[in-house]
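Below: the structure, in structure tokens.
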Amino acid sequence: MQEPTDPAKPRLQHLLRHDWISPQQWRRRLLFWCGALAVAVTAIVFARLSTLAYQTFVRMIAHRSWLPLLLTPAVFALLAWLTSGALKATRGSGIPQAIAALQIEDENFRHRLLSLRIAAGKMALTLAGLLAGASIGREGPTVHVGAGLLYSLGRRFGFAEPAAAGRFVLAGAAAGLAAAFNTPLAGVVFAIEEMAGAFEHRMSGIILTAVIIAGIVSLGLLGNYAYFGSVNTALPLGQSWLAVLVCGGLCGLAGGLFARVILLNGGVLSRVARLRARFPIPFAAACGLALAILGLASANSVYGTGYDQARAILQQAAGAPGVGFGGYKFLANIVSYWAGIPGGIFSPALAVGAGLGQSIAHLLPGSPAAAVVLLGMAGYLAGVTQAPLTSAIISMELTDNQAMIIPILAVCLIARGTSALFCPVPVYRAFAQRLVAEHEQELGKPGAANR
């Protein structure tokens, strides 16, 4: 005789499977929240150490202007050697590594790019580069570290299934950018536009939660601040809007050229790539020497992230670098990236954009100078990354300026179009495709080399 079933049991099982009651879902949420907290604290510590490293370099060269001629090539060569083996995944910005980890649902591949050892190495080697004056940023590495921390946390507690692990990677990357710049909205937009390439409905709450927690921690520890300070400027309708066309066109072209050059694609650039592959350590040392020479030519203004110089230009402060700063910093960013050392391009790109905007402002005396500088920053960043929404939102949040959002959006859209004339594929995605192609070649898949 069949025992009677309890009619309440199926309902209880259904409730336990529901997202808001399921113990498994709550376990995942707690991991996301703890991970976002860890990413925010790590980002803040990394920011403080980055500032300390660069300030130490500035103090060292204050009375020894010749020191970079010895120190910078030596450290660049050392970093090239250290990243030639197990720490190879620490090279460059770190954003391409996070994008590639989202595209390839292979646990070994993801672990190789996002392990805790890689995250720790990324931070340590980026700090070493800043200590030697490298023209690099910490924001891309913070995205890499954030993705690695959340991925490792999820993997450690049983969320190694490919789709689940991808959510941890995406949320960690978004929280990393939000905490690095104290720009929560930009973190969300960055995850949608740059990292994922599309918006999945189920991911909205995960990303928002991670970004909100990272933002709250940043606000609690650092206060409500704008990265470049509040910039009270606007672009009145009329002749001043010529600056939108000029900044969008010129800065977009410059950003696309920069992306094409660091990708080392085609013609002479391919020869440079082969030379770097054959002699990586001497090539890195030569890049360090080139940076030191640029430093001497620019009165030491091209070293580091460029934050101080960009802020001075934007705030029209006394002692701001001259009109040649944008060109010097552009070259400094190229040789630093060519060296193959760990380091990002976000902050250095903003500095180049500020320098270009300053030069354009001299050609357009009828437009507010600060507004043109801000347009230059946004346009160049959009040209480099080809992510116009992220560039527009981040420029607005970095300067606490909402009055400029329409001209900034227009500049970023124009810059995105002109940038593609030099670099058809967005730079982060192009680097990510290389990582994916290398992985497929290792697996022996036919046609991988042609991607």
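For LEU116, are the conditions met, namely being at pLDDT 90 or above and over 21 Å from ALA214 (Cα atoms)? It is false that LEU116 is at pLDDT 90 or above and over 21 Å from ALA214 (Cα atoms). Each residue in the range 89-142 was checked for being closer than 16 Å to PHE190 by Cβ and outside any helix (DSSP H, G or I), and 4 pass.
Scanning the range 139-195 for residues that are closer than 19 Å to THR42 by Cα and without any contact (Cβ under 8 Å) to a residue 12 or more places away in the chain yields a count of 1.
For the range 119-138, taking the residues that are under 18 Å from ILE99 (Cα atoms) and touching a residue at least 60 places away in the same chain (Cβ under 8 Å), the one that is nearest to the chain's Cα centre (by Cα) is identified as ARG138. Among helices (runs of 4 or more DSSP H) entirely within the range 305-391, having at least 2 residues that are assigned by TED's automatic domain parsing to the domain that holds PRO282, β-branched (Val, Ile, Thr) and under 19 Å from the mean Cα position of the chain (by Cα) singles out 325-338, 369-385. Annotation note: of ILE212, ILE206, the sole residue that is surrounded by fewer than 24 Cβ atoms within 10 Å (Cβ to Cβ), in contact with a Lys or Arg (Cβ under 8 Å, 6 or more places away or on another chain) and modelled with pLDDT under 70 is ILE206. Determine if the range 73-80 includes at least one residue that is at pLDDT below 90, part of a helix (DSSP H, G or I) and closer than 23 Å to GLY140 by Cα. Looking for residues that are at pLDDT below 90, part of a helix (DSSP H, G or I) and closer than 23 Å to GLY140 by Cα, one finds none in the range 73-80, hence no. Counting the residues of the range 270-302 that are within 26 Å of CYS423 (Cβ to Cβ) and either among the polar types (S, T, N, Q) or surrounded by 14 or more Cβ atoms within 10 Å (Cβ to Cβ) (or both) gives 16.
The values are calculated or read from the model by the stated rules, or taken from the named source; none is laboratory data. Remember, predicted model here, so these are calculated numbers, not experimental data. Don't worry about glycine lacking a Cβ; one is built from the backbone with ideal geometry, like all the others, and counts go over all protein chains shown.
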